[in-house]
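The values are calculated or read from the model by the stated rules, or taken from the named source; none is laboratory data. If you're wondering where the values come from, they're calculated on a predicted model, not measured in any experiment. Reconstructed Cβ throughout: ideal geometry from the backbone, glycine too, with neighbour counts over all protein chains shown. Note: accessible area is taken over every heavy atom of the protein model, side chains too, but ligands, DNA and RNA are not part of it. Shrake-Rupley method; radii C 1.70, N 1.55, O 1.52, S 1.80 Å.
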Amino acid sequence: MNIDEHIATLITRYFSCEATSQEQEELIRWMEEDPENKKLFSEWHNIWHMANPAFRPESIATEQAHAQWLEQIRGKRPVHKTLLFYWQKVAAVVLLPLLMLYGYQTLKKGDREEPEHTAWHEIYAPYGMRSRIDLPDGSNVWLNAGSRLKYPDRFGSVERNVYLSGEAYFEVESDTASPFIVEAGNVKVWATGTAFHVEAYENDSLFAVTMVKGKVDFSFDDKQYISLKPGERMEYNLHTGICKVTDTDPYKWYAWKDGIMVFRDDPLDYVFKKIGQTFNVDIALKDPSLTDEVYRATFERESLDEILKLLRLTAPIEYVHIIREKDGNDAYKRQRIEVYRIKKN
């Protein structure tokens, strides 16, 4: 089965995540024209992923490699060649180092794959409380209220994977040969020996990482990669795809592990959001003008009622506890608090 240069280009652009929606539609139509086309696409797909081990893909200059590949094809043979011929050229130009790396990782397959008898643990920090976890590699994790961490009873020698839902502070034991990977939905954080803070609540559109020491890398949907250094904070909006990096005081974001809530000229909208996450309550600002009202305070081990009373004394607000109602399962709904601006006389 022959394949022309245009289709070859579409396929490589597709696997490099560079194909436009129109190019993707054209590729789909080509596959639907003939079962052999779909078979060729599947073969190409298998070879591509075999030669694409777990590392940052931005290190590959796909455009340059593809140009070199097409140049060799044009200079030596007619354009219409078999799929095997194309992939011989690709391997010679760009994939040989990757295949060597893949072979090395295959030799260590027993370490990379989850051991047959590995047991997984899931730790949950109840609302209003915090939990500390000592991982098998010597790393330490602090979970904030309402957060979960899933981890194995032993790590392989190639990767150390954990799964987070919520908020956690990590102090990772150094091991450059075995990166520590935190997965939270479609976001991944790579680290070796470092300390950092992650916010990844399931019902929140914000994913954030704050660097304390060392260096970490991130990927979003396996496409966009970012690195941070100490004193930097990255916020990624899961809905809009907007990512921003700012300088910050790292301790402000993970002081909760010591029972402290720190607010430094933060909008009240954010202040009540963090309080609600910590104590599992719905707090609604009923006056839109309060949203951007800035607030500065430090709360140390106070209860929800104590924090609300202090806020009422130091901010122009009043609040009301809404009577809790039962849902269809005869269970009480989450506590709800409504916040109003104090009216001037």
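Evaluate the range 256-278: report whether one residue or more is under 20 Å from residue 197 (Cβ atoms), touching a helix residue (DSSP H, G or I) at 6+ places or on another chain (Cβ under 8 Å) and open to solvent by 60 Å² or more (accessible area, probe 1.4 Å). Within the range 256-278, one or more residues are under 20 Å from residue 197 (Cβ atoms), touching a helix residue (DSSP H, G or I) at 6+ places or on another chain (Cβ under 8 Å) and open to solvent by 60 Å² or more (accessible area, probe 1.4 Å).
Could you please find all residues in the range 180-198 being assigned to a strand (DSSP E or B) and free of Cβ contacts under 8 Å to residues at least 40 places away in the same chain? Of everything in the range 180-198, those that are assigned to a strand (DSSP E or B) and free of Cβ contacts under 8 Å to residues at least 40 places away in the same chain turn out to be 181, 182, 183, 184, 188, 189, 190, 191, 195, 196, 198. Filtered by the rule that a residue be part of a loop (DSSP other than H, G, I, E, B) and either exposed (fewer than 10 other Cβ atoms within 10 Å of the Cβ) or of a type in the set (A, V, I, L, M, F, W, C) (or both), the range 312-326 gives 315, 323, 325.
Tally the residues that are among the aliphatic types (A, V, I, L, M) and touching a residue at least 24 places away in the same chain (Cβ under 8 Å), restricting the search to the range 315-345. Can you show your working first?
Going through the range 315-345, the residues among the aliphatic types (A, V, I, L, M) turn out to be 315, 317, 320, 322-323, 331, 337, 339, 342.
Applying the additional criterion that residues be touching a residue at least 24 places away in the same chain (Cβ under 8 Å) yields 315, 317, 337, 339, 342.
Summing the residues that are among the aliphatic types (A, V, I, L, M) and touching a residue at least 24 places away in the same chain (Cβ under 8 Å) in the range 315-345 gives 5.
As for the range 297-311, it holds no residue that is over 24 Å from residue 255 (Cβ atoms) and among the hydroxyl-bearing types (Ser, Thr, Tyr).
Which of the numbered conditions does residue 169 fail, given that it passes all the others? Conditions: (1) assigned to a loop (DSSP other than H, G, I, E, B); (2) within 18 Å of the chain's Cα centre (by Cα). Going through (1) assigned to a loop (DSSP other than H, G, I, E, B); (2) within 18 Å of the chain's Cα centre (by Cα) one by one, residue 169 breaks only (1). Of all residues in the range 283-295, those satisfying the criterion of being out of contact with any Ser or Thr (no Cβ under 9 Å at 6 or more places or on another chain) and either of a type outside the set (Asp, Glu) or open to solvent by 90 Å² or more (accessible area, probe 1.4 Å) (or both) are 283, 284, 286, 288, 289, 290, 291, 292, 294. Annotation: residue 177 fulfils all but one of (1) modelled with pLDDT under 95; (2) in a strand (DSSP E or B); the unmet one is (2). Just name the residue that is modelled with the lowest pLDDT out of those in the range 194-205 that are open to solvent by 30 Å² or more (accessible area, probe 1.4 Å) and of a type in the set (Ser, Thr, Tyr). This residue is 205.
The rows are residues; the columns are (1) closer than 22 Å to residue 152 by Cα; (2) in contact with a strand residue (DSSP E or B) (Cβ under 8 Å, 6 or more places away or on another chain); (3) open to solvent by 20 Å² or more (accessible area, probe 1.4 Å).
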position	(1), (2), (3)
185	yes, yes, yes
192	yes, yes, yes
207	no, yes, no
214	no, yes, yes
252	no, yes, yes
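Per this entry, residue 303 is counted among residues that are among the small types (Gly, Ala, Ser), under 28 Å from residue 257 (Cα atoms) and open to solvent by less than 100 Å² (accessible area, probe 1.4 Å).
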